[in-house]
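> Take this structure, written in structure tokens, and hold onto it; I'll ask about it next.
Just so it is clear, none of the values below were taken in a lab; they were calculated from the coordinates. Since the model is a prediction, treat every value here as computed from it, not as a measurement. Backbone-built Cβ (ideal geometry, glycine too); neighbour counts: all protein chains shown.
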Amino acid sequence: DQQVKQNSPSLSVQEGRISILNCDYTNSMFDYFLWYKKYPAEGPTFLISISSIKDKNEDGRFTVFLNKSAKHLSLHIVPSQPGDSAVYFCAASEADSGYALNFGKGTSLLVTP
Amino acid sequence: EAGVAQSPRYKIIEKRQSVAFWCNPISGHATLYWYQQILGQGPKLLIQFQNNGVVDDSQLPKDRFSAERLKGVDSTLKIQPAKLEDSAVYLCASSLGIDTTEAFFGQGTRLTVV
């Protein structure tokens, strides 16, 4: 069963505009959420995370929003740059499982000049 | 700081053959994970180690997959015998400890079973 869902397989955005990537989850026990970025032929690299006790975390151009009641989180990239083109994975974890990551299927972001 | 090292990068084997993957985590990281990523899917946890002990191997197909982390550092993941559906990228990740939320990934080993 897929506990973390990314329903948009792909997204195309113009350079300079905002990219919004969405993620939904089903397990209310998750207490940490992360976004990973993956380029072809490389492993995922950590981008940004948020604890379940917060609703927003910002790091430079990247902001993650968490809506616990809706079991939904989103990643905002502003402004988007061509180098942001990659596959973005949403992941969730819980302390009781040793913070092992449960991943979504990923969203492929293409930022066009 | 050196990252998570994995080898080989690529492997092609015939079904029913055996294969082994190796992982060297970031120095000082106590927790080590093996994930399987099938094309078009997100990574799926196979096994989690804390030092040289297994924390979670509930999703490891134990009839054909095995993993060990002797001395609590390097780890090997073995498949014997391989099936066509085992074709995937096998990712190793490590973190400081079981209370750490952020994991660092290696480049992965792409396995093709023909």
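> What does the charge count near A:Pro113 come to, summing +1 for each Lys or Arg and -1 for each Asp or Glu among other residues with Cβ under 15 Å from its Cβ?
-1
> For region B:5-113, what is the largest minus smallest coordinate of the Cα atoms on each principal axis, given in angstrom and ordered from greatest to least?
The principal-axis extents, from largest down, are 38, 25, 22 Å.
> Cα-based Rg of region B:54-99 per 2.2 N^0.38 Å, rounded to two decimals?
That ratio works out to 1.29.
> At a Cα cut-off below 19 Å, give the lysines reachable from A:Lys105, other chains included and same-chain residues fewer than 8 away excluded.
A:Lys5, A:Lys37, A:Lys38, A:Lys71, B:Lys44
> Please report, to one decimal in angstroms, the Kirkwood hydrodynamic radius of the protein assembly as shown built from all distinct Cα-Cα pairs.
When all Cα pairs of the protein assembly as shown are included, the Kirkwood radius is 18.0 Å.
> Give the span of chain A's Cα atoms along each principal axis, as three whole-Å numbers ordered largest to smallest.
The principal-axis extents, from largest down, are 43, 29, 21 Å.
> Something else: Can you return the aspartates and glutamates within cross-link range of B:Lys83? Criterion is Cα-Cα under 14 Å, with same-chain partners fewer than 8 residues away left out.
Partners found: B:Glu14, B:Asp63.
> Would you mind working out the magnitude of the charge dipole of region B:5-113 relative to its Cα centre, with +1 at each Lys and Arg C-beta and -1 at each Asp and Glu C-beta, to the nearest 20 Debye?
420
> In whole Å, what is the distance between the alpha-carbon centres of region A:13-51 and region B:8-66?
22
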